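**Q** Questions regarding the structure given below will be posed in turn.
The values are calculated or read from the model by the stated rules, or taken from the named source; none is laboratory data. It should be emphasised that the depicted structure is a prediction, and the values quoted were computed from it without experimental measurement. Here the Cβ positions follow ideal geometry from the backbone for every residue, glycine too, while neighbour counts run over all protein chains shown.
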Amino acid sequence: MIYDLHTHTTASDGKLSPTELVDYAIKKGLPGIAITDHNTVTGTQEALEHSRDKPIEIISGIEISCDCENKVKEVHIVGLFIDHTNPEIKKIKETNKEKGKIVAKEIIEKLKQLNYEIAFSDLEKRGHFGKPIIAELLLEKYPNDFENRKDVFNKLLGWGQPAMVYGKGLSIEETIKIIQKTGGLAILAHPGQLREYDDYFIDKFIKLGGDGIEVDNTYNYLDNAEELREKYRNICKTNNLIASAGTDFHEVKDYSDLGDRGVNEQEFLKIRHKLRYKKVKSVGAIIHNDNKFLIVKKTAANKGHWDFPKGGIKNKETDEMHALHREIKEETNLEIEVQPNFYEELHYKYINKKHDYDKTVGYYLAKPKTKTFETKSNDPEEIEECLWATKEEVYKKIKFEDSLEIFNRALEQLKLSI
Ligand SMILES: [Zn+2]
């Protein structure tokens, strides 16, 4: 049971459409794949919709080309579990396309000197400006000179070859930040391709807060793949990083097919756990009182402040349940009963005057034991935003469909237990 966490569709330079890729992965018996198109998320929605009610999990991903600091031809960072609807993620395509066009023009110039004529307008017609597309055009135009796309790279576009141009893109730091801001994990893709600079970039990536490394990828260089796998696995262990893996599937090749590389179920669960741990930076509670809901949250698991009027965690108080009880009692004079069997993540747009949170919050479900309610806050706006809201008001603030389901499930539970 292999989860292939690096695949491409026709949304970038893959050969299969998102729908075809999902079908192919099901045919191959894979439990899940991550769609990680180059600098774009345009294939994700189709894949997600097509996978609905099918025995496969689609992980929303991206592969972002970063600035390589003129050390290697390209540095790629894969984002896993990202929010593909995020405007910043969507914008990457345009930003990097512009940078890609500059690189493509430089390559075309170099090719010209080598007597290979490729027109920039041909790239424009394809809508892509990456090296794989340039390789494809060369293959079509000069079929006698090259055996396949890989051969074009070996002779012209690849590392150290005469038409090689350094890649340009967002900085590594910007890339990690964008991925993490959308709730995703930032994974350094195929570090083997970074050759003698792999340690340099891995070190930099770790210092900038990257989440993991692709310990296995078809393009981690085949000659010493085993040795590299070992090396990258050890780096992950030492630095508590996620060990991700995937085939970097573009199409079926004689040396690689979808699902040949990836993570097993246990490793996948570890990644999920890490994601949850990272994402659930805060906990909160939904408290129900006469068809009104009180949603409170605390900004860090064991410290920080409750986002509750005048709320705070006492210094040595590390038990969040205990803190929740005390806080609610202090602020509203309500005795609550927390239902420990309900602890779910909600994507809840939590608004107050200072912050506009848009994060995943792990919620407890609670009900008041007493009817008496009073608030110490006398700021009406604060009370309106942070305190009791109707079901409809909560609905309005919930951002994602699955969160709505969780909230509705909470309502069901409350009905049963009140
Ligand atoms: Zn890739």
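**Q** Only residues in region 1-19 that are in contact (Cβ under 8 Å) with a residue 24 or more places away in the chain and within 14 Å of the ligand (Cβ to nearest atom) count as the first member; pair them with residues that are in a loop (DSSP other than H, G, I, E, B) and among the aromatic types (Phe, Trp, Tyr), Cβ under 7 angstrom, at least 6 apart or cross-chain, and list the lot.
**A** Here the result reads none, with nothing in region 1-19 linked to a residue that is in a loop (DSSP other than H, G, I, E, B) and among the aromatic types (Phe, Trp, Tyr).
**Q** Restricting attention to region 6-23, which residues are over 19 Å from the mean Cα position of the chain (by Cα) and among the polar types (S, T, N, Q)?
**A** Correct list: THR10, SER17, THR19.
**Q** Taking helices (runs of 4 or more DSSP H) that do not extend beyond region 122-238, which have at least 2 residues that are aliphatic (A, V, I, L, M)?
**A** Output list reads 131-141, 172-181, 198-207.
**Q** If you take the residues of region 27-51 that are more than 20 Å from ALA245 (Cβ to Cβ) and hydrophobic (A, V, I, L, M, F, W, C), which of them is nearest to the ligand (Cβ to nearest atom)?
**A** Ranking the qualifying residues of region 27-51, first place goes to VAL41.
**Q** Could you tell me which of the residues GLY167, GLY158, GLY183 is within 16 Å of the ligand (Cβ to nearest atom), buried (at least 19 other Cβ atoms within 10 Å of the Cβ) and either assigned by TED's automatic domain parsing to the domain that holds THR36 or not basic (Lys, Arg) (or both)?
**A** Exactly one residue qualifies, and that residue is GLY167.
**Q** If you go through region 85-97 one residue at a time, do you hit one that is in a loop (DSSP other than H, G, I, E, B) and surrounded by fewer than 24 Cβ atoms within 10 Å (Cβ to Cβ)?
**A** yes
**Q** Looking at (1) in contact with a strand residue (DSSP E or B) (Cβ under 9 Å, 6 or more places away or on another chain); (2) not in a strand (DSSP E or B), find the lone condition where ALA245 falls short.
**A** ALA245 satisfies all of (1) in contact with a strand residue (DSSP E or B) (Cβ under 9 Å, 6 or more places away or on another chain); (2) not in a strand (DSSP E or B) except (2).
**Q** Considering only residues that are among the aliphatic types (A, V, I, L, M) and within 16 Å of the ligand (Cβ to nearest atom), which ones fall in region 186-210?
**A** ALA186, ILE187, LEU188, ALA189, LEU194
**Q** Got a sec? Which of LYS71, LYS54 is away from the ligand (no atom under 16 Å from the Cβ), under 26 Å from LEU138 (Cα atoms), in the same structural domain as LYS204 (by TED's automatic domain parsing) and part of a loop (DSSP other than H, G, I, E, B)?
**A** LYS71
**Q** Hey, does region 20-36 have a residue that's under 24 Å from VAL165 (Cβ atoms), in the same structural domain as GLU251 (by TED's automatic domain parsing) and touching a residue at least 12 places away in the same chain (Cβ under 8 Å)?
**A** Yes, region 20-36 contains at least one residue that is under 24 Å from VAL165 (Cβ atoms), in the same structural domain as GLU251 (by TED's automatic domain parsing) and touching a residue at least 12 places away in the same chain (Cβ under 8 Å).
**Q** Also, I was wondering about something else. (1) within 15 Å of the ligand (Cβ to nearest atom); (2) among the aliphatic types (A, V, I, L, M); (3) in contact (Cβ under 8 Å) with a residue 40 or more places away in the chain: which one isn't true of ILE213, the others all being true?
**A** Looking at each condition in turn, ILE213 falls short on (3).
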